[in-house]
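Reading through the structure tokens given below for one structure.
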Amino acid sequence: RSFHVTGVQTCALPIFGGVLSACLAQPDGTSADDGAVLYRSFCALCHGADLEGTTRGPSPLSSIYGIDSLADSAIVAAVTNGKPQQHWSFGPMPPVAGLTTPQVEAIIAFLRAEQATRGLTPYRAEP
């Protein structure tokens, strides 16, 4: 059985004849706060909890991902469908399963807010 509490989906799971409530940490809203939670769950492993990138993926604070360079719809498409390797040698971005379009839009709202607050770093192509 599934139910919602303050925008977070929770589930009751049967365990050895009892019930365990588990928070899935998947907000169903579209705010930047919801996006921050979703980013940590779905994006941080590759793009960094600090948004600085990792050895698996680039920083979303790179100017190449700024609103003037990359439309929100392109981010939705990349998350939904995956994206071939382009600017760096991290390899292709696989599609991210388990996110609805409103949840991806919440992640984008979070990223855009962070880009506006923290600024963008210049794009540096690999040698």
Would you confirm whether or not the range 79-101 contains a residue that is touching a helix residue (DSSP H, G or I) at 6+ places or on another chain (Cβ under 9 Å), touching a residue at least 60 places away in the same chain (Cβ under 8 Å) and surrounded by fewer than 18 Cβ atoms within 10 Å (Cβ to Cβ)? yes
Selected residue [under 13 Å from the mean Cα position of the chain (by Cα) and either outside any helix (DSSP H, G or I) or not aliphatic (A, V, I, L, M) (or both)] from Gly35, Gly91: Gly35
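FYI, it's all coordinate maths here, none of it is from the lab. Remember, it's a predicted structure, so these values are computed and weren't measured experimentally. When we count neighbours, we look across all protein chains shown, and the Cβ atoms used for this are built from the backbone with ideal geometry, even at glycine.
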